[in-house]
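Undergrad: There's a structure below that I have some questions on.
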There are 2 protein chains.
Amino acid sequence: MIAEIITIGDELLIGQTVDTNSAFIGHELSLRGIRIGKINSIQDDENAILEQLDASIQAADLVIVTGGLGPTKDDITKQTLTNYFGGKLIMDQAVLSNLENYFAERNRPMLEVNRNQALVPDCCEVLFNHKGTAPGMWFEKNNTIIVSLPGVPYEMKGLMLESVLPRLIERKQLKGIYHRSIQTTGIGESFLAEIIADWENRVREDKLGLAYLPSPGLVKLRLTSYVGIEDKELIDNYFEELISLIPTYYFGGEDDTVSSIVGELLLAKKATVGTVESCTAGGIATEIVKTSGASAYFEGSVLTYSYRLKEELVGVDPNIIKTLGAVSKECVEQMALGGRKMLGVDYCLAASGIAGPEGGTEDKPVGTVWIALAFEGGVYSKRFQFGKLREINTLLSSVAAVNMLRMKLLGMLD
Amino acid sequence: MIAEIITIGDELLIGQTVDTNSAFIGHELSLRGIRIGKINSIQDDENAILEQLDASIQAADLVIVTGGLGPTKDDITKQTLTNYFGGKLIMDQAVLSNLENYFAERNRPMLEVNRNQALVPDCCEVLFNHKGTAPGMWFEKNNTIIVSLPGVPYEMKGLMLESVLPRLIERKQLKGIYHRSIQTTGIGESFLAEIIADWENRVREDKLGLAYLPSPGLVKLRLTSYVGIEDKELIDNYFEELISLIPTYYFGGEDDTVSSIVGELLLAKKATVGTVESCTAGGIATEIVKTSGASAYFEGSVLTYSYRLKEELVGVDPNIIKTLGAVSKECVEQMALGGRKMLGVDYCLAASGIAGPEGGTEDKPVGTVWIALAFEGGVYSKRFQFGKLREINTLLSSVAAVNMLRMKLLGMLD
């Protein structure tokens, strides 16, 4: 079963609004085995809508249209759909009472333009909108299902989950596309591809889809079966083998983050963590507290941005800064060790680097970052070389630091 | 001039990635008077790409394609484009040296798959990518311009701003839109609109475009003339009047940030700043150091995430936390005062709040944030009520804190 998505609205085309509806719909449909052929964002214009309906109905078994159902004048989708399917608009009493309640609850008068929202085509099944005023509409033509939903994201989501998906599952006995992802960190896309080249070839011979999905510091690997859940075991086996190929880079599944994994490990050990940061200015702390419940193990940080505070607060030897610089193995190790004591934590991460855009030298170009981890009985440190962009460097340093703690907690640094 | 956008990638169709590239491109093109006819998100598949190219080239004068240019095997856009335009792939020496530098700087070996990124079609103009490894490509066919850009947002943005838009402006003599923006903080869009309603009416009577461009904590106001630079004086006069209507909310022009303005003011006073943070976990520090050269006035921070560190490091009275809670005027004022001493700075900002998603109570719902500023001779504090989303609350708190310092430095808090 192939679907197309049509999102209607000039605000999408001029970039005033990012189209998040398509991502939601695409995700929900593909989870249920419906393949998304194309997403089309078009103007709020009768001809554009008619042309796109023709094209999408020809190409797909299911067309989901969002947007263009509001009460204001620039929304013409409902009338266009009614004409397209050869019907006429009639007043729907259930929708009308919903509207009347909506305005009564808010102590606001109901205007004529609002009343018009209760007009629905007589050639569709009306999908009741529990979260707003514009109903959804379900049409069928030449074996293709066309569903029109409001563009307000939470109204669209409510209708998708409560009305559209249950009807699709019931009426279409869906075959399932099945996919699963794992995540890696500490290795770039192309190095990863080189290590797993043989594995990848076999995956492709078995007609599974493989996608590399990189984001700063991470590469997600997704395997997709177009047969369905029947391939679950095949995919699980491939992932088991993959993990054995990259045991230290692999860190978790689709919904994990490096910091959520570290959080679980710290909780299990009843251990605490803190950070001492310079160039990252709290980026490592931010990465750690992104995980809900981090207050159980994250105590706090010192951001020693100036040389003075590096010396005064965490006790970095001024001679080290003078001779080796603040971006050095020795400095960052003293930051981690001093911070561990000052913050009273079991593990202390420290980072000092040149985030850019200025401040690079020949032997320490922009993107040079030293990261250290102090623990009971010692300290570990490593030099990283990132790129030229400040914000990305902060992100990459933060993920690398949290990953250093992950590897320590898993015994991979010993 | 009509443009279409094609974004390529299965991850867009299955909703793993939200297509933010189209919004950026749509915004930049429409600012320059190019109308966006349609946005098409399609599969990473040769036939899908070919079909879409045919359709878009027929419908538009300009086609911007993003995505599908990475080094791994699932990216086939470059080969497909080369075939489509009847060329062949050749090694580009400039791109190759860029690649070699990129890997040398990072001390990483360059692999064969990376080398392939320097292969470019011999039937296009190569657009050099300063932020990454995959170059952009500029093709022309039947009077239509087709540009292919990498899908990584910051690489795509760099190429759009540095290469694509300047070429379009030069070659297509685009209509001379002139615009200027000012920025406000500390006031929401609708309140702002209410204050400046009369001004706005006159602006519109003068056929100028007015846009409210909100981002977390800020509202940018843009005036656009569709006549061109001839309207510069008219727009300047309108802005002068606008600033007198909202003297405390206005903080600067298009390229300013609240923290760059604060940086200038601190430099002028030769004063220093530090922060004591809890829920924001370094967000205020991050906001301050976003400004290049911040090390001249930013000393550092303490992130007292736990109660223990609030008491031990900056000397918050444990009784205050016990009786009034860590999210209270008294606690945040003690954080600011204690931090000012501990960090040895002239100004110390402190924030303590409930960032969410959990932890709210009836009198302190999620989004409650207390912010304080300690200075020579005193402390100022204020309670803010933000929304339900953690990340946005951190951003809003950080901007509000830096803005509190801006107002203090400008004598607006007295």
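Undergrad: Can you pull out the helices (runs of 4 or more DSSP H) entirely within segment B:158-267 that have at least 2 residues that are within 26 Å of the chain's Cα centre (by Cα) and closer than 29 Å to residue B:375 by Cβ? So that I can check it myself, show each step before the final result.
TA: Values: elements: B:165-172, B:189-195, B:197-205, B:232-245.
It comes to B:189-195.
Undergrad: While we're here: In the list B:86, B:70, which residue meets the criterion of being more than 30 Å from residue B:210 (Cβ to Cβ) and more than 11 Å from chain A (Cβ to nearest Cβ)?
TA: Working: B:70 fails: more than 11 Å from chain A (Cβ to nearest Cβ).
None of the other options fit; the residue is B:86.
Undergrad: Give segment B:284-307 a look and list any residue that's at the interface with another protein chain (Cβ under 7 Å from one of its Cβ atoms) and outside any loop (DSSP other than H, G, I, E, B), or say none.
TA: Matches in segment B:284-307: B:285, B:286, B:289, B:295, B:298, B:299, B:300, B:301, B:302, B:303, B:304.
Undergrad: What number goes with the only condition from (1) among the aromatic types (Phe, Trp, Tyr); (2) in contact (Cβ under 8 Å) with a residue 12 or more places away in the chain; (3) surrounded by fewer than 21 Cβ atoms within 10 Å (Cβ to Cβ) that residue B:139 does not pass?
TA: Exception for residue B:139: condition (3).
Undergrad: Give the residue, chosen from A:6, A:39, that is within 21 Å of the chain's Cα centre (by Cα), within 11 Å of chain B (Cβ to nearest Cβ) and buried (at least 24 other Cβ atoms within 10 Å of the Cβ). Walk me through it before giving the result.
TA: Working: A:6 fails: within 21 Å of the chain's Cα centre (by Cα).
A:39 is the lone residue from the list that is within 21 Å of the chain's Cα centre (by Cα), within 11 Å of chain B (Cβ to nearest Cβ) and buried (at least 24 other Cβ atoms within 10 Å of the Cβ).
Undergrad: Test residue B:399 against the stated conditions and say whether it is in contact (Cβ under 8 Å) with a residue 40 or more places away in the chain and closer than 17 Å to residue A:303 by Cβ. Steps first, please.
TA: Details: in contact (Cβ under 8 Å) with a residue 40 or more places away in the chain: yes; closer than 17 Å to residue A:303 by Cβ: no.
The answer is no for residue B:399.
Undergrad: On the given criteria, is residue A:281 surrounded by fewer than 24 Cβ atoms within 10 Å (Cβ to Cβ), assigned to a loop (DSSP other than H, G, I, E, B) and in contact with a strand residue (DSSP E or B) (Cβ under 7 Å, 6 or more places away or on another chain)? Explain how you work it out, then say what you get.
TA: Working: surrounded by fewer than 24 Cβ atoms within 10 Å (Cβ to Cβ): no; assigned to a loop (DSSP other than H, G, I, E, B): yes; in contact with a strand residue (DSSP E or B) (Cβ under 7 Å, 6 or more places away or on another chain): yes.
In short, no.
For (1) away from chain B (no Cβ under 12 Å); (2) over 22 Å from residue B:106 (Cβ atoms); (3) at pLDDT 95 or above; (4) within 29 Å of the chain's Cα centre (by Cα), each residue gets a yes or a no:
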site	(1), (2), (3), (4)
A:335	no, yes, yes, no
A:338	yes, yes, yes, no
A:342	no, yes, yes, no
A:345	no, yes, yes, no
A:359	no, no, no, no
A:362	no, no, no, no
A:365	no, no, no, no
A:374	yes, yes, yes, no
A:384	no, no, yes, yes
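Undergrad: Quick check: is even one residue across segment A:99-114 closer than 19 Å to residue A:164 by Cβ and assigned by TED's automatic domain parsing to the domain that holds residue A:167? Talk me through it step by step, then tell me what you get.
TA: Applying the first criterion (closer than 19 Å to residue A:164 by Cβ) to segment A:99-114 yields none.
Among the residues of segment A:99-114, not one is closer than 19 Å to residue A:164 by Cβ and assigned by TED's automatic domain parsing to the domain that holds residue A:167, which makes the answer no.
Undergrad: Further question: Residues in segment B:228-247: is at least one in contact (Cβ under 8 Å) with a residue 24 or more places away in the chain, at positive phi and in the same structural domain as residue B:405 (by TED's automatic domain parsing)?
TA: no
Undergrad: Can you name the residue in segment B:63-81 that is crowded, with 22+ Cβ neighbours inside 10 Å and of a type in the set (A, V, I, L, M, F, W, C) and, of all such residues, is farthest from residue A:55 (Cα to Cα)?
TA: B:69
Undergrad: Take the conditions over 16 Å from residue B:12 (Cα atoms) and among the small types (Gly, Ala, Ser) and apply them to residue A:37. Does it pass?
TA: Values: over 16 Å from residue B:12 (Cα atoms): no; among the small types (Gly, Ala, Ser): yes.
No, not satisfied.
The values are calculated or read from the model by the stated rules, or taken from the named source; none is laboratory data. Note that the coordinates shown come from a computational prediction; the quantities given were computed from them, not determined experimentally. Virtual Cβ from ideal backbone geometry, glycine too; neighbours counted across all protein chains shown.
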